[in-house]
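Data block below; observations after.
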Amino acid sequence: MNYRKVFSLLPMIIFLFIIWYFLMAGTSAVVNVVSVNKREIVIQNMSGDQNTVTIPKGIYKLIDVNEEYFISYNSRIGQKPFLTSIEPSAK
């Protein structure tokens, strides 16, 4: 492959990376925690859909199974959703 082809593809690759980086979907919901481990939690929203969300290190000890929480998480194409905030739900 010659250098002209490589340099002609470079702007396209950079453009696609920028698009991927900024296309982040945020979700907030009241959920029930189904299971917790060191790296992720499984949540179930009020319509019954389950989702796995990556959590920060050390936070798993603070999350109780079968409790309701108000959570916010972000996700990108090709990555697991990751937790941005969690609060006990007001019952």
Among (1) in contact with a Phe, Trp or Tyr (Cβ under 6 Å, 6 or more places away or on another chain); (2) over 30 Å from LYS61 (Cα atoms); (3) not basic (Lys, Arg), where does VAL36 come up short?
-> (2)
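Residue by residue, here is whether (1) modelled with pLDDT of 90 or more; (2) loosely packed, with under 12 Cβ neighbours inside 10 Å; (3) β-branched (Val, Ile, Thr) holds:
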{"position": "TYR3", "(1), (2), (3)": "no, yes, no"}
{"position": "PRO11", "(1), (2), (3)": "no, yes, no"}
{"position": "PHE22", "(1), (2), (3)": "no, yes, no"}
{"position": "VAL30", "(1), (2), (3)": "yes, no, yes"}
{"position": "ARG39", "(1), (2), (3)": "yes, no, no"}
{"position": "GLN50", "(1), (2), (3)": "yes, no, no"}
{"position": "ARG76", "(1), (2), (3)": "no, no, no"}
{"position": "THR84", "(1), (2), (3)": "yes, no, yes"}
Hey, can you tell me all the residues within segment 1-43 that are of a type in the set (S, T, N, Q) and over 17 Å from the mean Cα position of the chain (by Cα)?
-> ASN2, SER8
Quickly run through segment 1-20 and pick out the residues that are within 20 Å of ILE77 (Cα to Cα) and free of Cβ contacts under 8 Å to residues at least 12 places away in the same chain.
-> MET12, ILE13, ILE14, PHE15, LEU16, PHE17, ILE18, ILE19
Looking at THR52, THR84, THR27, which is the one that is among the β-branched types (Val, Ile, Thr) and in contact with an Asp or Glu (Cβ under 9 Å, 6 or more places away or on another chain)?
-> THR52
Residue pairs within 9 Å by beta carbon, gap of at least six or interchain, first lying in segment 47-60 and under 20 Å from VAL30 (Cβ atoms), second among the aromatic types (Phe, Trp, Tyr), listed first then second, are ASN51/TYR73; VAL53/TYR73; VAL53/PHE82; THR54/TYR73; THR54/PHE82; ILE55/PHE82
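The values are calculated or read from the model by the stated rules, or taken from the named source; none is laboratory data. On a predicted model such as this, the values are computed, not experimentally measured, just so you know. Neighbour counts are summed over all protein chains in view; Cβ atoms, including those assigned to glycine, are modelled from backbone coordinates with ideal geometry.
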